[in-house]
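Report on the structure given below.
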C-alpha cells in the first residue's frame, strides 16, 4: 500500500531539485527509494508526472499541476503541526478537571486559585461528583478523586493525600442517645454512611494501648441514613441524625467549636481513610497547562 504523504514529499523534492539523486540526498534516502515513491504515486494517480531523459527530469503538465497541489497540502500540514506544537507549549485554553465534590470544598479551592493566579490565560472547567468516573469518556484532562472512583485502568495515578477518618456525632445527638463506649454499642445508635451497593455497612476498629495496636473488631452497621455525598453526611451529623465516619480535616473546625464530638476516641477506624489521588491519561506528550497543574497539585499537597 502506498504511503501517500511520503510519496508526495519525494515527488515535490524531485520536482524542486530536477533530479532524483539530489532529492534522495536531501531526504537522506537512496535514489531507488525516491524512484519507487514516484513510480508508486504515478501508478496510484494513473498519470505520468515526469518526462525522464538520461540528462534531466522535467515535469509533465499534469505533474506541474499536481506538484502545486502537493505544496499547498504540505504547507497546510506544517501549519497544523505548528499550531498543535504551540498549543502543547502554551499555558492557555481550557483545563477540564473532575474532582471529588466533598473534598474540593475544603481542600481544592486554594489550589485552583494559586494555579489561575499563576496562569491567568487558563480557564478552569471543574466538575464535582461523588460517583465513579471515566476520565477519557468524560473528556477530562485530569481528575482529583478517590481511587475507587476510577473506572479506567490506563491512567497514571499519583496519591495526593490520605485523609484520616473519625467517627463523630453532634453533641445534641449524644445527649439524647448516649455516648458509645465500645464499637459494639454502635448497634444501638443511628448511623450515617455513604451509599453502598452492599449492605450492611462495616467499620473496622482497632484499639491502641501504650502505642500497641490491639485486635481488630469489625462492626456491621445497618445505616439509618445513606447518601453519596460527604457534605450531606456532615450536614446530617450536625443535624443530630446520628454518628458518621468523616475525614478529620473536614470536621476539624466543628470539633474545635464543640458542635461535633469525636466518639470512640480510644479506637481507630482502620478501613475509613479517604485516599485522594491525582489521575491523568498519559505520562507522554502532556500539554504544558496540564503538566503545570500536575506539578502544582503534587507540590501543594506535599
For segment 165-272, just the Cα set please: Rg and Dmax, both in angstrom. 13.0, 38
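Which of 229, 32 comes first, and how do the rest follow, when ranked by fewest Cβ neighbours within 10 Å?
32, 229
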Row for segment 4-89, column shape: gyration tensor on C-alpha, a ≥ b ≥ c, rounded if a/c < 1.5 i.e. under 1.5, prolate if a/b over b/c, else oblate; value prolate
Just the number, please: percent antiparallel of the DSSP beta bridges in the chain, rounded to the nearest 5. 65 percent
Helix 4-17: angle to the longest alpha-carbon principal axis of the chain, degrees 0 to 90, nearest 10? 40 degrees
The helix 61-89 Cα axis meets the longest alpha-carbon principal axis of the chain at an angle in degrees, between 0 and 90 and rounded to 10, of 20 degrees
Point-to-point label distance, residue 56-residue 188, nm (Cα→Cβ direction, 7 Å offset): 10.7 nm
In what sequence do 5, 50 fall when counting other Cβ within 10 Å, fewest first? 5, 50
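Could you put 119, 293 in order, starting from the residue whose Cβ has the fewest other Cβ atoms within 10 Å?
Listed from fewest to most nearby Cβ atoms, that is 119, 293.
With r defined as the distance between the Cβ atoms of residue 28 and residue 48 and R0 fixed at 25 Å, what FRET efficiency is calculated, to the nearest 0.05?
0.40
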Spherically averaged projected area of segment 219-302 from its Cα convex hull (nm²): 8.3 nm²
As computed over the chain, the Cα convex hull volume per residue (Å³): 203 Å³
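Only the coordinates and a few stated rules stand behind these numbers; no lab work does. Remember, predicted model here, so these are calculated numbers, not experimental data. Methodologically, a virtual Cβ is constructed for each residue, glycine included, from the backbone with ideal geometry; neighbour enumeration extends over all protein chains shown.
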